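A.B. asks: Questions regarding the structure given below will be posed in turn.
Each value in this text was obtained by applying a stated rule to the coordinates, not by laboratory testing. Keep in mind that this is a model prediction, so the values were computed, not measured. For neighbour counting, all protein chains shown are included, and Cβ atoms are generated from backbone atoms with ideal geometry for every residue, glycine included.
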Amino acid sequence: MNPKNEEYWDRTWQEREVCILDDYLDENKLFTRNQAVCKLGLEYWDEVFELVKGKRVLECGCGSAVVSMHLAMNHYNTHLLDISEPGIMLAKKNYEANFIKGRFIRGDVINLPFRESVFDIVMSFGLLEYLTDIWIAIKEMVRVLKPGGVFAADICTNRFSIMTLARLVRNIIKLDFRKIFEGDWRGSYTDVNSYSKKEYEKAMEGAGLTDVVITGTRPFPPSYPPLYIPFIIDKYFYSKFVKAFGSFHRKFDRSNSKITDIWGCGWFAHGMKR
């Protein structure tokens with residue numbers, strides 16, 4: 001990860017509020033698109049992880065640690081690692097606020113401070129796309145994974161997707177013709193890598209994973225960014241729209257088709273260590 005991204009995440013985690021997970025996922029308090037999508041994402045990972053016998057988990061690049069908190073509440077033994085000190089502090093605060101326990105480690109995903117084959121699940125959410133070399137990180141994550149254990153990642157690379165169209169729509173609404181003609185809308189995200197699905201598959205298989213799945217996920221773009229939808233519109237319209245299409249969203253995340261690979265905001269990736 002380059003220094004610019006490290007500084008960005010330090011600021012992000014310092015500004016992030018503590019998350020009470022039960023409140024965040026409460027059906028009566030789902031006020032944003034991101035909350036609704038988070039709940040759907042947890043359902044997906046529950047299905048993936050239910051096939052794993054053990055419950056020792058490592059999250060790399062934990063930040064707010066929402067998925068780890070969810071697992072800890074379901075009796076998983078969670079270990080949380082982040083290179084950012086503010087990221088580790090936020091994870092600790094979230095755990096304390098939710099009355100759950102975990103182990104917190106400041107460290108780098110390319111040099112994990114663990115011996116080989118000690119975790120049943122090794123996962124990351126929004127980490128790999130910020131690395132210049134995904135092969136080193138994936139190999140290291142798989143190294144500490146037990147045979148039969150599951151590697152899992154949520155990846156959002158810089159490519160054409162619904163995020164591209166959302167950025168274009170936003171620039172049109174703002175009448176920002178300079179950005180439109182300069183092609184500012186062409187990618188999905190900024191400051192992330194552009195590795196293809198095939199390259200991620202090769203990195204995962206080369207690290208020793210089998211039954212590799214990489215599937216497009218999240219058919220509706222975040223409310224902020226790139227759309228910058230006002231909270232009141234998100235609360236009363238956009239979030240309700242996403243919830244109403246929950247069944248479609250679930251099918252989209254599990255279809256593993258070329259259309260969803262291209263359209264989705266990101267990819268869910270997972271595989272089992274040989």
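A.B. asks: Using only Cα atoms and rounding to the nearest 10 degrees, what angle (0 to 90) does helix 85-97 make with the longest principal axis of the chain?
C.D. replies: 80
A.B. asks: Could you tell me what percent of the DSSP beta bridges with both partners in the chain are antiparallel, to the nearest 5?
C.D. replies: 45
A.B. asks: Would you kindly state how much longer the chain becomes between Lys101 and Arg56 on full extension, computed as 0.36 nm times their sequence separation minus their alpha carbon distance, in nm to one decimal?
C.D. replies: So the chain would gain 14.9 nm between Lys101 and Arg56.
A.B. asks: Using the Karplus curve 6.51 cos²θ - 1.76 cosθ + 1.60 with θ = phi - 60°, work out ³J(HN,Hα) for each residue of the stretch 25-40 in order, rounded to whole Hz, and write x for Gly and Pro.
C.D. replies: Whole-Hz 3J(HN,Hα) from phi for the stretch 25-40: 9, 5, 4, 7, 10, 7, 9, 10, 4, 5, 5, 4, 5, 4, 4, 5.
A.B. asks: Another question, if that's okay. What number, rounded to the nearest 500 deg cm²/dmol, is the helix-based mean residue ellipticity at 222 nm of the chain, given -39500 (n - 2.57) per DSSP H run of at least four residues and division by all its residues?
C.D. replies: -12000 deg cm²/dmol
A.B. asks: So, one more: How big is the stretch 61-159 in terms of Cα radius of gyration and Dmax, in angstroms?
C.D. replies: Over the stretch 61-159's Cα set, Rg and Dmax evaluate to 13.1, 39 Å.
A.B. asks: Using alpha-carbon pairs under 8 Å, 6+ residues apart, how would you state the relative contact order of the chain in percent?
C.D. replies: Rounded, it is 21 percent for the chain.
A.B. asks: What pairs from Lys235/Lys258; Lys55/Lys197; Lys55/Lys101; Lys92/Lys240 go past 24 Å between their alpha carbons?
C.D. replies: Among Lys235/Lys258; Lys55/Lys197; Lys55/Lys101; Lys92/Lys240, the Cα-Cα distance tops 24 Å for Lys235/Lys258; Lys55/Lys197; Lys92/Lys240.
A.B. asks: Further, regarding this structure: Taking the Cα-to-Cβ direction at Asn77 and at Glu199 and moving 7 Å from each Cα, how far apart do the two end points lie in nm?
C.D. replies: 3.7
A.B. asks: Same structure again: For Cα Rg over 2.2 N^0.38 Å, several values are listed as (1) 1.24; (2) 0.98; (3) 1.37; flag the one computed from this structure.
C.D. replies: Identified label for the calculated read-out: (2).
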